[in-house]
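The values are calculated or read from the model by the stated rules, or taken from the named source; none is laboratory data. Note that the structure is a prediction, hence the values are computed from the model and not measured. Methodologically, a virtual Cβ is constructed for each residue, glycine included, from the backbone with ideal geometry; neighbour enumeration extends over all protein chains shown. Please note that ligands, DNA and RNA were not included when accessible areas were found on the heavy atoms of the full protein model with its side chains. Shrake-Rupley method; radii C 1.70, N 1.55, O 1.52, S 1.80 Å.
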Amino acid sequence: MNTRLVGTVILMCAASLLTVNAYATDKPHKKMTLAEKGEQARIESAVLEQTQLQKARDAANATAEREQKVLAKQEANDWEAQQLEKARAQSEQRLSREQKYLQQAQEAAAQTRKIPKETSDPAQSE
């Protein structure tokens, strides 16, 4: 049984060495010339620049959306403030009307009413 175990371990090691060797040979190590390196750097730079520009556009759009939300919220608050101001004005008008009616009632109560005296003789009153 030990020989079987040892054989299996050796087989696995050989298989892993072959896989590593096959993987390493898949990528040939080509040395790039200076011009090729420069061209590759320009391409990578252009790609990076486009990526950064897209990120900047996305950020600008997000900022604009946040500004719109804030403005919408402020407009809603303005509407709310207008409604409160209308309610306050109506309340003041109602109070002033009540004060006016109360003053009129007090003036009417303060006036002495002249009620004609009833006489027993209707001919005298004519």
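So the values come out like this:
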read-out: Residue check, THR8 at pLDDT 90 or above and open to solvent by less than 100 Å² (accessible area, probe 1.4 Å); value: no
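One line per residue, one yes/no per condition, for (1) at pLDDT 80 or above; (2) touching a helix residue (DSSP H, G or I) at 6+ places or on another chain (Cβ under 6 Å); (3) open to solvent by 100 Å² or more (accessible area, probe 1.4 Å):
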| residue | (1), (2), (3) |
| --- | --- |
| TYR23 | no, no, yes |
| GLU49 | yes, no, yes |
| ALA56 | yes, no, no |
| ALA59 | yes, no, no |
| ALA72 | yes, no, no |
| ALA87 | yes, no, no |
| GLN103 | yes, no, yes |
| PRO122 | no, no, no |
